[in-house]
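The values are calculated or read from the model by the stated rules, or taken from the named source; none is laboratory data. Note that the coordinates shown come from a computational prediction; the quantities given were computed from them, not determined experimentally. Note that we place each Cβ from the backbone using ideal geometry, even for glycine, and neighbour counts take in every protein chain shown. Ligands, DNA and RNA are excluded from the accessible area calculation, which covers all protein heavy atoms including side chains. Shrake-Rupley method; radii C 1.70, N 1.55, O 1.52, S 1.80 Å.
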Amino acid sequence: MTGGARSPDLVDRAGTGDLHALRGRLTGGLVLPGDADWDDARRAWNLAVDQRPVAVALVESVEDVVKVVEFAGERGLRIAPQGTGHGASALAVLDGSILVKTSRLRGVEIDAGAARARIEAGALWEDVVVPAAEQGFVVLHGSSPDVGVVGYTLGGGMGWLARSRGLAANSVTAVELVTSEGRFVRLDSENEPDLFWAVRGGGGSFGVVTAIELELYPTPELFAGAMFWPLERAGEVLRSWRGWAETVPHEVTSVGRILHFPPLPDVPEPMRGQSFVIVEAVFVGSEADGNALVAPLRELDPAADTFAAVEPTALQHLHMDPPQPVPGVGDGLFLERLPDEAIGAFVQNAVPPLISLEIRQLGGAMASSAQHHGAVGTLDAEYVMFAVGMAPNPEIAAAVHEAVDRVKAGLAPWESARTYFNFAERQVGGARLYPLKTYTFQRLRKIRATHDPAEMFVSNHPIPSAAVIDTARIASAPLFANLPTAELEELAGAMGEAEVDAGTEIITVDESGSTVYLIEAGEAEVIGAGGPSPMALGTGDTFGEIGLLLTEGKRTATVVARTPMQLLALSEPDFERIRQKIPEFERSLRSLGLERSSR
Ligand SMILES: Cc1cc2nc3c(=O)[nH]c(=O)nc-3n(C[C@H](O)[C@H](O)[C@H](O)COP(=O)(O)OP(=O)(O)OC[C@H]3O[C@@H](n4cnc5c(N)ncnc54)[C@H](O)[C@@H]3O)c2cc1C
């Protein structure tokens, strides 16, 4: 339930004449429907996405951004910041929004002495990787040279050095940003620490980032490459890779994948139109040690093997991502484990029209927490999967969506409750992007409510501003009548974790490590296989990790769900796991004075 405060009728107040006036005030460009360059300006990197904002601002300075934000604020318009449009597929419809493209802001400054890079919002990773390497540094870029540094980093940022150095978001040292009030701020651990924490994993819900400052790492020795085997060996190779990956040190970041190279002229001849199972890996260490590490993979007798000592700039091309904009449909998920059965399901569904299906090993530095981390925190799953296909027209796009759904359904028994921000190419309930046992999502909502209460900023995965929860309402429930104020406030905060409309009658308890939602009636957004859908909650319905429905103050049903947002996607092993937790849950209920009733 992300219902924003801006209604579409406000948009009508921004007449075209008004927008022309804004054009005159910007150093950069403002492109409007009907202009000759309208289609170029509104195009996203992902060509399958048809973006139709009210205008596209091609900002060239912080002042331009401030002017656009002030203009939007006065007229009730929204702002959708965008670098490249790699992440455009999950963006909401842009009605009433000005698309603020940062692609003209590509400056990069390397401060070798401080081991920092200051990167303007429109810079691509290749704009940073090359000058950083020239000065003896590596950065935590991802698989593709033309992904935007800012969008990638705000969503986490998992690259080839992720197991050894962590997520890019946790290497950010400062962020320059324009708030919804048009205020320019530099965020760091001393200045606006809440907002600084929120943007590092919370995405684009908090303002327009104009520049970001990242830590640089001295270039280590790097050994990297890929091995290719015929597709028929997919199961055997991926099982061996998984076994190998689980023994290697954190200095190795690796991917097991299936690639159906399209029969296109720009794909090199030996690969064109062919399908392979591939292992790609980067080792931070010497060539001799690297050769020893990959020896077990070489024993599988690959058809091609490119492993060698490499320069840092070579890592940008290891994954063979498309070098230019393409129309794509894809989606991902975290995997708690990767047993043989999961590999079997993955291989079985790895068929065209999907082109690339990959499983990246997590762990290492991504799984270890540190005080300075941003909202992205740590990733607890063991693997992450992403599947994608080309979608040149709506019919093929529909077929690719179905193929992605089949892969996800096959892996559902091992899927984590959380999903990875940057690989979620469909809209997901924001709570699913953060660890469930922390208050990360709730804290993000509060920070959004402080800095963008009217939800001006449109992000690919929006953080709704916090629902206003009335502590007096909670105190009116007999169960909580005698709670001290501090605990009441904590409960009110915990309620923010459930995406329930303000005013819905819910009471939340955090007890025995489980979040318990006591729901009398209301509406929830439930994410199922077909995407998010609103659901009225009545008798027999509830949501929450373990929830129970109260009717007229009496408990009438208990429903257990793996996550707040996945009530419809429970599978057998999950039921088993949750069933085992029920005695503990029952004990905590009794300690709260609740009687068991039906079911
Ligand atoms: C080919 C390809 C390879 C990829 N490889 C990886 C990978 O290896 N690892 C990984 O983690 N992810 C990867 N991704 C996912 C990628 O990180 C996300 O799609 C990311 O959102 C792209 O950032 P962008 O700026 O290029 O895209 P955009 O679509 O421009 O931005 C995505 C979102 O970021 C926010 N944003 C962007 N700029 C600003 C700004 N200036 N101010 C405020 N908010 C802003 C907005 O909410 C925007 O909707 C890949 C994606 C593709 C298509």
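Charge dipole (Cα centre; +1 on Lys/Arg Cβ, -1 on Asp/Glu Cβ; no other charges) of segment 49-158 amounts to roughly 260 debye. Projecting the Cα atoms of P353, T440, G330 onto the charge dipole of segment 318-444 (Cβ charges, centred on the Cα centre) puts T440 farthest toward the positive pole.
Amide H to amide H, with H built 1.01 Å from N, G159 comes under 5 Å of A168, counting only residues 5 or more places away or on other chains. Computed from point charges on the beta carbon alone (+1 for Lys and Arg, -1 for Asp and Glu), the dipole magnitude for segment 377-468 about its Cα centre is near 440 Debye.
State to the nearest 20 debye the size of the charge dipole of segment 350-408 about its Cα centre, where the only charges are +1 on K and R beta carbons and -1 on D and E beta carbons. Here segment 350-408 has a charge dipole of around 80 debye.
Rounded to 0.05, the FRET efficiency of the A399 and D39 pair, given R0 = 30 Å and the Cβ-Cβ distance, is 0.70. In the context of the full protein assembly, I463 retains an accessible surface of approximately 0 Å², using a probe radius of 1.4 Å and ignoring ligands and nucleic acids.
Centre-to-centre separation between the Cα atoms of segment 28-52 and those of segment 119-160: 25 Å.
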